[in-house]
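Participant: So that we are looking at the same thing, I have put the structure below in structure tokens.
Where a number appears in this text, it was derived from the coordinates with a stated rule and is not lab data. Keep in mind it's a predicted model, so treat the numbers as computed, not measured. Glycine gets a Cβ as well: all are built from the backbone with ideal geometry, and neighbour counts include every protein chain shown.
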Amino acid sequence: MRRREFLCSAGFWPALQPAQQPAFDLLIRRGRVIDPSREFSAEADVAIRSGRVASIAAGLDPAQARQVLDARGMIVTPGLVDLHVHVYDGVAPLGIPADPNCIAKGVTTVLDAGSAGAHTFPGFRQYVIRIVETRVYALLNISVVGQATLSTDNPHGELLDLRYANPKLAIRTIEQNRDVILGVKIRLSKNIAGENDLRALGLAREAADAVGLPLMVHIGGTHSTVAEIVSRLKKGDVITHSFRGGDGGILDGRDRVLPEVRKAVERGVLLDVGHGAGSFSFRTAEKTFPQGVLPGTISSDVHQFNVNGPVFDLATTLSKFLHLGLSLEEVIRRATSNPAKAFAFPSGTGSLAPGGTADVSVFELREGRWEFVDALGDRRTGKLKLIPMATVKGGRLYGNAVIPVVRSG
């Protein structure tokens, strides 16, 4: 035994003490924390340890953290949840890369809205879901081929031939991938389903009911009326593109919300935005909001034909709803806790509850004159815009934060 070890064991020398470890891996300091899942909105610090939220409180000691993110003057939220994206990059016609367009923009969790069907889903799982940093979940397209349209170059959709709509195969695929498939998706526009919309909807309904998962229905420009379509929807189902302009929306000829849509909402059908390249109208929102009809969730429907405008990202979409009069808390709720409740995401998604997975987004709410454009080209000038500044996924800071990061240890 070496002399120092002997003296320590004999009580003649103070025992060697290991270096004290910081209590937190990351501390996000002095931001305005908005967590609608807990009705929390106040200046506070968010402490993270071992990939989970350790504490949310004011005045936590920065010396107790390995890294400190200075969020003074910033908005701190749960990692955003985008309920409608298309990220089957390189395969589905609308697909874009997930990470530069989602997690890099403050969106930690997304739901791909039917890019893949039963025949193409294995590749989506293997080459996208499994490898990207963004948490990607999916709605399975009732068509086995997934999405088939590519703008005007190939306007012929996946449900013009109903032999491709295979509930039995959809059910089997979902049962084999319950951890990542959260529902069934169907698109019903004329160029996609022709006159088959109600029959195709019946097949999607069969699959969704068999697996006990919600159905997301894309409306707009359909052969059948919206009233006929929504009458077939159940509690927990989702209507996406709800606030579109033009043919096949939720307004009648006098700009009143259709009674069938009101009844659907009353029985628990969710209205989702799904902005997209052709599916959100400022005018529709301005007509419906005073009638007491608001979106349950705000999603971007970001894809290759709108990522460079008018959508850009979810933060820009949320900023449009700030201009329309929703409060910051109401907007954040519709992109965190509300979408988390709509589908069976893992517990803690869209929340900063202590003990939960530490997915956190930091934004600047920047004042100015911001021009926003809807899917019809109509423009509005807003005073506030959410600018993504930093994203944390599972306790780890993604990429390079725009705001200062101090290393304490």
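Participant: Tell me what the chain gives for mean residue ellipticity at 222 nm when only DSSP H runs of n ≥ 4 count, each as -39,500 (n - 2.57), the sum divided by the residue total, rounded to 500 deg cm²/dmol. Mind dumping the intermediate values first?
Facilitator: Working: 12 runs with 86 residues, N = 409.
Computed ellipticity for the chain at 222 nm equals -5500 deg cm²/dmol.
Participant: Does the stretch 343-409 come out rounded, prolate or oblate by the C-alpha gyration tensor, with a ≥ b ≥ c the root eigenvalues, rounded set by a/c under 1.5 and, if not, prolate when a/b is larger than b/c and oblate if not? Could you put the intermediate results ahead of the total?
Facilitator: Details: a/c = 3.14, a/b = 1.53, b/c = 2.05.
Oblate shape, in that a/c is at least 1.5 and b/c is the bigger or equal ratio.
Participant: With a 10 Å Cβ neighbour count serving as the proxy for reagent exposure, in which order, fewest first, do E206, E195 appear?
Facilitator: Listing E206, E195 from fewest to most nearby Cβ atoms yields E195, E206.
Participant: Post the alpha-carbon centroid distance, the stretch 266-326 to the stretch 141-214, in whole angstrom.
Facilitator: Comparing the Cα centres of the stretch 266-326 and the stretch 141-214, I get a distance of 23 Å.
Participant: Say a paramagnetic label sat at a point 7 Å from the Cα of S231, along Cα to Cβ; which residues of the stretch 189-221 have their backbone N under 15 Å from it?
Facilitator: Under cut-off, by backbone N: 198-199, 202.
Participant: Still on this structure, please answer the following. Quote the Stokes-Einstein diffusion coefficient, in whole µm² s⁻¹, for the stretch 80-342, based on the Kirkwood radius over alpha carbon pairs, a temperature of 20 °C and a viscosity of 1.002 mPa s.
Facilitator: Result for D is 119 µm²/s.
Participant: Can you list residues from other chains, or at least 5 along the same chain, whose modelled amide H is less than 5 Å from the amide H of E43?
Facilitator: Placed amide hydrogens put V33 under 5 Å from E43.
Participant: Could you work out the local net charge near T349, counting Lys and Arg as +1, Asp and Glu as -1, over the other residues with Cβ closer than 13 Å to its Cβ?
Facilitator: After counting each charged neighbour, the total is 0.
Participant: Further question on the same structure: Of the cross-linked pairs K235/K383; K320/K393; K341/K393; K190/K287; K234/K287; K234/K383, which ones have a Cα-Cα span greater than 30 Å in the structure shown?
Facilitator: K235/K383; K234/K383
Participant: Note the direction-averaged projected area, equal to a quarter of the hull surface, for the Cα convex hull of the stretch 210-316, in nm².
Facilitator: If I average the Cα hull's projected area over directions, I get 7.3 nm².
Participant: Cβ under 12 Å from D45's Cβ, D45 left aside: what net charge do those residues give with Lys, Arg +1 and Asp, Glu -1?
Facilitator: Cβ neighbours under 12 Å give a net charge of +1.
Participant: Can you pull the one-decimal nm distance between simple spin-label points at V405 and D153, each 7 Å off the Cα toward Cβ?
Facilitator: About 3.7 nm separates the two model spin labels.
Participant: Find out how many positive minus negative residues lie around A116, taking Lys and Arg as positive, Asp and Glu as negative, among other residues whose Cβ is under 14 Å from that of A116.
Facilitator: Result for the neighbourhood of A116: +1.
Participant: What base-10 log of the normalised intensity I(q)/I(0) is obtained for the stretch 269-321 from the Debye formula, alpha carbons as equal point scatterers, at q = 0.15, 0.17, 0.28, 0.31 Å⁻¹?
Facilitator: At q = 0.15, 0.17, 0.28, 0.31 Å⁻¹ the computed log10 ratios are -0.39, -0.50, -1.14, -1.28.
Participant: Can you give the FRET efficiency for K263 and E43, using 1/(1 + (r/R0)^6), R0 = 45 Å, r = Cβ-Cβ distance, to the nearest 0.05?
Facilitator: According to the calculation, E is roughly 0.60.
Participant: On a full-extension model of 0.36 nm per residue, what is the gain between E329 and R369, subtracting their alpha-carbon distance, rounded to one decimal in nm?
Facilitator: 12.3 nm
Participant: If each residue's Cβ is checked for other Cβ atoms within 10 Å, how do K287, K185, K105 rank with the fewest at the top?
Facilitator: Working: K287 20, K185 29, K105 24.
By the 10 Å Cβ count, ascending, the order reads K287, K105, K185.
Participant: Which length gain, in nm to one decimal place, applies between A344 and V91 when the Cα-Cα distance is subtracted from 0.36 nm times their residue separation?
Facilitator: Length gained, A344 through V91: 88.5 nm.
Participant: Here is a follow-up. Please arrange V53, V302 by counting, for each residue, the other beta carbons lying within 10 Å of its beta carbon, fewest first.
Facilitator: Least to most surrounded, the residues fall as V53, V302.
Participant: Amide H to amide H, which residues 5 or more places from L26 or on other chains are under 5 Å from it, using H placed in the peptide plane?
Facilitator: When sequence neighbours closer than 5 places are left aside, the close amide H contacts are I48, R66, Q67.
Participant: Something else: From Cα pairs below 8 angstrom and at least 6 apart in sequence, can you work out the relative contact order of the chain, rounded to a whole percent?
Facilitator: After rounding, I find 19 percent.
Participant: Moving on to the next point. Can you compute the label reach from N191? Point 7 Å from Cα along the Cβ direction, backbone N cut-off under 13 Å, restricted to the stretch 280-317.
Facilitator: 305, by backbone N distance to the label point.
Participant: Using the Cα atoms of the stretch 229-380 to build a convex hull, what is its mean projected area in square nanometres?
Facilitator: Reported value for the Cα convex hull: 10.0 nm².
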